[in-house]
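K.L.:
I'd like to ask some things about the structure below.
The values are calculated or read from the model by the stated rules, or taken from the named source; none is laboratory data. Just so it is clear, the model here is predicted, and its values are computed rather than measured. As a convention, Cβ positions derive from the backbone with ideal geometry for all residues, glycine included, and neighbour counts pool all protein chains shown.
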There are 2 protein chains.
Amino acid sequence: MQKKPTLHTSLSPALLHLYDLSNSVVVIIDVFRATSTIASALYNGAKCVIPVDSVPKAIEISRNIDGIAAGERDGMIAEGLQHGNSPLEYTRDFIENKTLVLTTTNGTRLLQMALDKNADTIISGSFPNLSAVCDFLIASGKNVVLGCAGWKDRFNLEDTLFAGAVISRISKQFTIHCDSSLMADTMYAKYKNKMIEYAPKLTHYHRLVERFGLIEDIKFCLTNDVANVLPLYTDGKLVRG
Amino acid sequence: MQKKPTLHTSLSPALLHLYDLSNSVVVIIDVFRATSTIASALYNGAKCVIPVDSVPKAIEISRNIDGIAAGERDGMIAEGLQHGNSPLEYTRDFIENKTLVLTTTNGTRLLQMALDKNADTIISGSFPNLSAVCDFLIASGKNVVLGCAGWKDRFNLEDTLFAGAVISRISKQFTIHCDSSLMADTMYAKYKNKMIEYAPKLTHYHRLVERFGLIEDIKFCLTNDVANVLPLYTDGKLVRG
């Protein structure tokens, strides 16, 4: 019998160094909201999403290619930008055939870390593209590291719940000796049928909803397969894989 | 109404820097097995436990004070030592009125980190001394950081379950905006009545039981209040608080 590939979950960017990425598919997970926004933009026909680590870089690159510079800092549209990190902003009318240059607090930073650590393959995952992610991971046959972006290196539950959603669907195809994955799977099993009701318990929910009133964003970000594309990182861009 | 103190859970030593320890009681948690062993030794009459970060230091200090040098590396009695990290080794016959000089892979390292970060107060916690820990935290009225030692910086479930056990008992006395604590509380609620049955799912269980046959240790380490003392760190030593 062929040996199954391994699967691990990294609960924070500050733990990513513990895992061997060089032979793995790394799934960047930033449920609220970077990776949900990436799925939404690509699903609605964006040519690609270029993740960058600073606002000036987002502005510069978007100017050169006539793209849309967007991003957030601390949950709000970043100073100097006109567009933020809401998946609902990127409707087909607005984003089709355009390039989105995106900078965010946690997700784009984690992606850069995965690059620096020579990840074999990088994709991004969120509930809106859950099935596409699972299908890709099974088809690839490689080891998997589910990388939760968290919030400024703190553990968060929404990214962990997404890791659990993936694990619940694909665990039979992988060898999993990883307490983080076991926990994520257990937490997801408990809350999968009441995600929206559970959301108000999450730290990040209060950051977003109480401060900025983004309840519609939250709902989108917690709904399976409403933007079911595979964002695959290649040559500095996330494209439909 | 007086403002309640805060409570946070740090899921790995690699995340401890995210929390302000300077005004907090830090609970060092290394369920398998350092903090269970510390509770056991103090409960059985050890004068104190001196945690150190290396085997040579353990040998040197124990010689100078006629103490017991003990410790483990990778789950086994460390090379050069006669005594390990099993709570069952430290019976009253053996340890009463003696000083235990202990070095372990994860727990003693985390304690040193808490010291370096100027923790206000440091105690150690484990299921065998759960009630003593909870009573102390409520009485102190200070902020709390539950510090899980994990395994070489990886998240582990047994330390998280102990954090959950503490939270389940004292949450009403604290302000908790912390997804790690919410998760720990949820996981503990799910498994509190079947800890021994659940243990074989844990990564560390296999490290201990399959490699070294320490099932009796595991049972002791998962049993509430069988060594119900409060190990309080003061002047380089853990003493009964």
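K.L.:
Looking at segment B:214-225, is at least one residue under 30 Å from residue A:206 (Cβ atoms), part of a helix (DSSP H, G or I) and in contact with a helix residue (DSSP H, G or I) (Cβ under 9 Å, 6 or more places away or on another chain)?
P.N.:
No.
K.L.:
Would you pick out the residues in segment A:138-162 that are on the phi > 0 side of the Ramachandran plot, surrounded by fewer than 24 Cβ atoms within 10 Å (Cβ to Cβ) and small (Gly, Ala, Ser)?
P.N.:
Across segment A:138-162, the qualifying residue is only A:141.
K.L.:
How about segment A:202-213: which of its residues are surrounded by fewer than 14 Cβ atoms within 10 Å (Cβ to Cβ) and part of a helix (DSSP H, G or I)?
P.N.:
A:206, A:210, A:211
K.L.:
If you check A:146, A:232, which single one turns out to be within 26 Å of residue A:89 (Cα to Cα), of a type outside the set (Ser, Thr, Tyr) and in contact (Cβ under 8 Å) with a residue 12 or more places away in the chain?
P.N.:
The conditions single out A:232.
K.L.:
Would you pick out the residues in segment B:11-31 that are crowded, with 24+ Cβ neighbours inside 10 Å and of a type in the set (Gly, Ala, Ser)?
P.N.:
Passing the criteria: B:12, B:24.
K.L.:
Cβ-Cβ distance below 7 Å, separation of 6 or more or different chains: which pairs start in segment B:200-221 with a residue that is more than 14 Å from every other protein chain (Cβ to nearest Cβ) and touching a residue at least 40 places away in the same chain (Cβ under 8 Å) and end on one that is β-branched (Val, Ile, Thr) and surrounded by 15 or more Cβ atoms within 10 Å (Cβ to Cβ)?
P.N.:
Listed by first residue and then by second, the contacts come to B:218/B:209; B:220/B:226; B:221/B:31.
K.L.:
Continuing with this model, one more query. Within segment A:146-176, take every residue that is part of a strand (DSSP E or B), within 22 Å of residue A:128 (Cβ to Cβ) and within 12 Å of another protein chain (Cβ to nearest Cβ) and give me the one that is modelled with the lowest pLDDT.
P.N.:
A:151
Yes/no matrix, rows are residues, columns are (1) modelled with pLDDT of 95 or more; (2) among the aliphatic types (A, V, I, L, M):
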| residue | (1), (2) |
| --- | --- |
| A:54 | no, no |
| A:60 | yes, no |
| A:78 | no, yes |
| A:99 | yes, no |
| A:108 | no, no |
| A:121 | yes, no |
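K.L.:
A further question follows. Taking only pairs six or more apart or across chains, which ones have beta-carbon atoms under 8 Å, a first residue in segment A:118-133 that is under 18 Å from residue A:157 (Cα atoms), and a second residue that is crowded, with 22+ Cβ neighbours inside 10 Å and charged (D, E, K, R)?
P.N.:
Partner pairs satisfying both residue conditions: A:124/A:30; A:126/A:30.
K.L.:
So which residues in segment A:184-198 are touching a residue at least 24 places away in the same chain (Cβ under 8 Å), assigned to a helix (DSSP H, G or I) and either over 25 Å from residue A:74 (Cα atoms) or not β-branched (Val, Ile, Thr) (or both), if there are any at all?
P.N.:
Filtering segment A:184-198 for residues touching a residue at least 24 places away in the same chain (Cβ under 8 Å) gives A:184, A:187-189, A:191-192, A:195-196.
Pick out the ones that are also assigned to a helix (DSSP H, G or I) and you get A:184, A:187-189, A:191, A:195-196.
Passing the criteria: A:184, A:187, A:188, A:189, A:191, A:195.
K.L.:
Filter segment A:112-144 for residues that are among the β-branched types (Val, Ile, Thr) and over 13 Å from the mean Cα position of the chain (by Cα) and give the result.
P.N.:
A:121, A:138, A:144 - these are the residues of segment A:112-144 that are among the β-branched types (Val, Ile, Thr) and over 13 Å from the mean Cα position of the chain (by Cα).
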